[in-house]
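Worksheet for the structure shown next.
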Amino acid sequence: MDKQALDFPRIGVLPAGPLDSICDVGDVTVGHCTLADGPQQTGVTVVRPHGGDPFLDKVPAAATVLNGFGKSTGLIQVQELGVLETPIALTNTFGVGTVANAQIRHAVAANPGIGRGMATVNPLVFECNDGYLNDIQALAVQEAHYADALARAGKTLALGAVGAGRGMSCFSFKGGIGSASRVASIQPGLCYTVGALVLSNFGRLPNLTVAGRPFGRRLADQVGGGLPGGENAVIVPEKGSIILLLATDAPLDSRQLRRLSLRAGAGLARTGSVFGHGSGDIALAFSTAYTVPQLPEQPMPAVAMLHETRIDPLFEAAAEACEQAIISALWHAEGVTGRDGHHRAAIRDAAPQWRQWLSDTAF
């Protein structure tokens with residue numbers, strides 16, 4: 001769904017970039033491939049950190065595992081070497097291996113020496129479990145779907161029940177892909193942008209907090225806890241997972257990016273998550289300010305990193321952008337019916353009076 005075509009709650013006080021998405025940062029682009037066919041409600045989303053070859057020109061990065069209930073691949077090497085060398089791919093839990101194979105094939109096609117005269121490539125795939133709406137056992141995601149999402153990557157970003165977010169649930173309503181950006185003022189005349197993209201598939205409805213208001217408690221009271229299919233939104237445990245991606249044009253090294261990725265957890269917590277037992281919550285941050293060459297004969301970048309004492313505005317921007325991205329995913333997602341008639345409603349349809357709720361001073 002077109003982000004600009006829909007009214008949704010505005011989070012925080014910092015200014016957004018012109019697109020209010022992760023695509024406000026450098027040459028970052030995003031593409032989706034959506035599978036929406038009866039019981040198959042799933043897909044692939046790809047984030048390209050720049051327009052070149054990320055194997056030859058690696059991007060500095062780091063990750064934080066807030067809760068490790070997840071089946072992602074590639075994280076260990078990112079933590080050790082501090083770089084990305086493929087686009088970032090998002091999909092469902094059982095699609096990780098297939099999408100990783102697709103990433104490897106794409107990298108080898110571009111660089112035939114990979115795994116022979118050159119080093120092997122580190123595919124990076126994150127996942128959430130969309131098995132409530134999607135027939136995850138069908139293994140519907142194929143390598144061609146990764147290639148399609150990669151080919152579609154651009155600055156115009158659809159949100160909600162698209163790509164990897166097609167089958168995701170959030171706070172017992174429809175979740176999916178959300179994005180936002182915030183501009184951080186470091187000092188007069190010096191600003192950097194932090195963009196966030198989330199694959200949102202977590203949360204208990206009574207815990208949902210929107211712009212600091214206990215939105216989920218009021219909505220749970222309205223629906224009486226009951227949702228289609230007999231699920232009780234009040235007693236269901238927190239499960240499902242969220243992936244939080246942060247991009248910035250600030251010159252940060254991998255150690256600083258790990259610190260930035262940790263602040264994604266602040267934005268996640270503000271929406272009402274407690275990083276529950278069954279929720280795999282992983283955050284990754286990368287910088288577009290410079291690249292690291294694959295070939296040893298090429299010079300390493302000489303970049304003046306941001307001084308540690310000036311990093312707080314980026315932390316604030318990261319937390320706010322992640323909080324906004326989660327709310328954006330909720331408000332953009334349309335209702336979806338999938339496997340065995342399971343249904344997730346759009347939260348904006350369940351609470352059409354949300355503007356009144358958020359403006360109610362007694363709320």
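The values are calculated or read from the model by the stated rules, or taken from the named source; none is laboratory data. Remember, predicted model here, so these are calculated numbers, not experimental data. Here Cβ is always computed from backbone atoms with ideal geometry, including for glycine, and neighbour counts include all displayed protein chains. Accessible surface is based on the protein model in full, side chains and every heavy atom, while ligands, DNA and RNA are left aside. Shrake-Rupley method; radii C 1.70, N 1.55, O 1.52, S 1.80 Å.
Some notes on this structure:
- Conditions (1) open to solvent by 20 Å² or more (accessible area, probe 1.4 Å); (2) over 30 Å from Ala119 (Cα atoms); (3) hydrophobic (A, V, I, L, M, F, W, C); (4) at pLDDT 95 or above; number of the one not met by Phe275: (4)
- Meets criteria (among the aromatic types (Phe, Trp, Tyr) and assigned to a strand (DSSP E or B)) for Phe275: no
- Looking only at region 204-226, and only at residues there that are assigned to a strand (DSSP E or B) and in contact (Cβ under 8 Å) with a residue 60 or more places away in the chain, the one that is farthest from Leu157 (Cα to Cα): Arg213
- Residue that is nearest to Leu75 (Cα to Cα) [pool: residues in region 107-134 that are more than 22 Å from the chain's Cα centre (by Cα) and of a type outside the set (A, V, I, L, M, F, W, C)]: Thr120
- Residue check, Pro39 farther than 23 Å from His342 by Cα and either buried (at least 22 other Cβ atoms within 10 Å of the Cβ) or not hydroxyl-bearing (Ser, Thr, Tyr) (or both): no
- Evaluation of Leu159 against (1) farther than 24 Å from Ile242 by Cβ; (2) touching a residue at least 12 places away in the same chain (Cβ under 8 Å) (one fails), failing number: (1)
- Whichever residue in region 46-60 is in contact with a helix residue (DSSP H, G or I) (Cβ under 6 Å, 6 or more places away or on another chain) and in a strand (DSSP E or B) and, among such residues, is surrounded by the most Cβ atoms within 10 Å (Cβ to Cβ): Val46
- Against the conditions (1) open to solvent by 10 Å² or more (accessible area, probe 1.4 Å); (2) part of a helix (DSSP H, G or I); (3) farther than 24 Å from Ser287 by Cβ, Glu80 satisfies every one except (3).
Residue by residue, here is whether (1) aliphatic (A, V, I, L, M); (2) within 30 Å of Asp24 (Cα to Cα); (3) touching a Pro at 6+ places or on another chain (Cβ under 8 Å) holds:
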position	(1), (2), (3)
Gln324	no, yes, no
Ser328	no, yes, no
Trp331	no, yes, yes
Glu334	no, yes, no
Gly341	no, no, no
Arg348	no, yes, no
Gln353	no, no, no
Asp360	no, no, no
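- Residue within region 216-225 that is surrounded by 24 or more Cβ atoms within 10 Å (Cβ to Cβ) and either of a type in the set (Lys, Arg) or touching a helix residue (DSSP H, G or I) at 6+ places or on another chain (Cβ under 7 Å) (or both) present: yes
- Qualifying residue in region 22-40 (condition: outside any strand (DSSP E or B), in contact with a Leu (Cβ under 7 Å, 6 or more places away or on another chain) and under 29 Å from Tyr290 (Cβ atoms)): yes
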